[in-house]
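The values are calculated or read from the model by the stated rules, or taken from the named source; none is laboratory data. Just so it is clear, the structure is predicted and the values come from calculations on it, not from any experiment. Don't worry about glycine lacking a Cβ; one is built from the backbone with ideal geometry, like all the others, and counts go over all protein chains shown. The area values use the complete protein model at the heavy-atom level, side chains included, leaving out ligands, DNA and RNA. Shrake-Rupley method; radii C 1.70, N 1.55, O 1.52, S 1.80 Å.
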Amino acid sequence: KHVPTLKGPFRIVSFERSKFVLKPLNGDKEFKVPHRRLRKYAAGEESVEELRKISAKDEDEFIVEKILSKRYGGKKKIEFKVRWAGYGPEEDQWLPWSQVKDLEAMDKFLEANIRLKNKIEDGTMNL
């Protein structure tokens, strides 16, 4: 009665003492749930990426689909233009390094922009 309802999709991490350890596709927090509280999800042809988008909409969480470009903002600090998954170009947004540095999309952007990657690694970029 007082246990919160969790919305998925979740990935099953392990099974411990009659409880499943679940991890959301869009997060790191793990939940231990008794097997009797789980309901089977009948997945269709959805890919893992599509399930992440569904999960993000359920949790008011946003996923960066792609880093589009860079610019120098205030005090010449670098900012990155992001495209949000499930949203169009009119919703693109400029974000500082601190908010995008750990994203998979940033890793891909830096792989395509080797000179920028080298400046960041050398510490010569104003972040």
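At a glance:
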quantity	calculated
Qualifying residues in segment 1-34 (those that are open to solvent by 100 Å² or more (accessible area, probe 1.4 Å) and at pLDDT below 75) - the one farthest from GLU65 (Cα to Cα)	LYS1
Scan of segment 70-85 for residues that are assigned to a strand (DSSP E or B) and either open to solvent by 50 Å² or more (accessible area, probe 1.4 Å) or within 23 Å of ASP28 (Cβ to Cβ) (or both), ordered by number	LYS70, ARG71, TYR72, PHE80, LYS81, VAL82, ARG83, TRP84
